[in-house]
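For reference, the structure discussed in these notes is given below.
Every number in this text was worked out from the coordinates using simple rules, so none of it is lab data. The structure presented is a predicted model; accordingly, all values stated were derived computationally and were not measured. Here the Cβ positions follow ideal geometry from the backbone for every residue, glycine too, while neighbour counts run over all protein chains shown.
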């Protein structure tokens, strides 16, 4: 098993509490992806999509 190691230097941990309904929606979105990403990864993907949409405005 591969060790996690230290995260990249240019990142920062963010802890957030979410309502159960939003967690359920995230889990549903994860299941719809072919690679079944982690919750952290699906949140990254959603944020990247949001950022790209903001840049197009």
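Observations
- Enumeration of residues in segment 22-52 that are more than 10 Å from the chain's Cα centre (by Cα) and closer than 23 Å to residue 12 by Cβ: 22, 23, 49, 50, 51, 52
- Among the residues making up segment 26-45, those that are surrounded by fewer than 13 Cβ atoms within 10 Å (Cβ to Cβ) and in a helix (DSSP H, G or I) are 27, 28, 31, 32, 40, 44.
- Residue within segment 2-19 that is free of Cβ contacts under 8 Å to residues at least 12 places away in the same chain and in a helix (DSSP H, G or I) present: no
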